[in-house]
Amino acid sequence: MTRVTPADCWLCDLDGVLIRDGLAIDGAARFLERLRVSGRPFLILTNNSMFTPLELHDRLASVGLEVTESELWTSALAAAQFVSEQRPGGSAFCIGEPSLFAALHDVGYDTAAAGRPDYVILGETQEYSFDVITTAIRHVDAGAHLLATNPEPTGPSLEGPLPACGAVAALVERATGATAFYVGKPNPLMITEGLNTLNARPSSTVIVGDRMETDIVAGIEAGLDTILVLSGVTTADEVERYPFRPARVVASIADLVDEL
């Protein structure tokens, strides 16, 4: 595999790269510090739509990772930006946490309107309601466009996997025959939005992630160099199962600190 040279700009996944099981991964704080000291712009991209940038800032600070709100880009923010550009001033029926509703409110979207919404938007949540899912299905049947923040069917926890946004989307898809548009990785849209935020070029940017099927494929499709860390969900043995390859594989983010 080709060795990635130090890039001007960095995009970095969160879970499995900087934190795992609610704790900072060894080397994560030093990695962020070296990025700042070296003057390299960076953005943390996360498919997790459950938290606002402020909430993520507080959670990361509690485990010793100093990240500003402006250095965080979530799939909830990406979804809100997408629908505001596609159908400005529209309406949406949402399943998700307050972070998703806040992101949509900030771009002028109505999430409380009665009648027929422009979108049904699915995000991460741990409070599922049969009645709410039924309403979402009926809105899609009536013509609402189905959009989801991220495709992962499960998420991690200390007790084992949890159902995630992709699982709920699959339920609505099966019930309606509609196909959800996923805004988060592996859709390169989220990468493009990150590049625009940093005013960066793909040829001078690298993405670091722990999932082959989201982080790495999104980076490849967007024209970025890619680094896979083995501190998250993908194991070394699994890498060769995919038809695409990261430019580089390292054990964890700690292996990159001395190169910045």
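Taken together, the values in this text are just the output of simple stated rules run on the coordinates, not laboratory data. Note that the coordinates shown come from a computational prediction; the quantities given were computed from them, not determined experimentally. Neighbour counts are summed over all protein chains in view; Cβ atoms, including those assigned to glycine, are modelled from backbone coordinates with ideal geometry.
Key figures for this structure:
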quantity	calculated
Whole-Å distance, taken between Cα centres, linking region 215-241 and region 142-167	20
Cα convex hull volume per residue for region 1-101 (Å³)	145
Most mobile of Leu43, Leu65, Leu158 in a GNM of the chain (Cα contacts under 10 Å)	Leu158
Residue-count net charge about Ser204 - beta-carbon cut-off 15 Å; Lys, Arg +1, Asp, Glu -1	0
Pair Glu213, Arg87: separation of 7 Å Cα→Cβ label points (nm)	2.9
Virtual spin-label span in nm between Asp258 and Glu238, 7 Å along Cα→Cβ	2.9
12 Å beta-carbon shell around Pro53, net charge (K/R +1, D/E -1)	-4
For the chain, size of Cβ-based charge dipole, Lys and Arg +1, Asp and Glu -1, in debye	520
For region 76-182, radius of gyration divided by Kirkwood radius, i.e. Rg to Rh on alpha-carbons	0.95
Radius of gyration and maximum dimension Dmax of the chain, Cα, Å	18.2, 56
Angle between the chain longest axis and helix 130-141 axis [Cα atoms, degrees, rounded to 10]	80
Least to most buried among Leu260, Leu162 (fewest other Cβ within 10 Å first)	Leu162, Leu260
Angle between the chain longest axis and helix 188-198 axis [Cα atoms, degrees, rounded to 10]	60
Residue-count net charge about Leu158 - beta-carbon cut-off 14 Å; Lys, Arg +1, Asp, Glu -1	-2
Amide H within-cut-off set for His145, under 5 Å, with H built and near neighbours excluded	Tyr119, Val120
Rounded tilt (10° steps) of 165-176 against the dominant C-alpha axis of the chain	30
Förster radius 30 Å - calculated FRET efficiency between Arg59 and Ser129, Cβ distance, rounded to 0.05	0.75
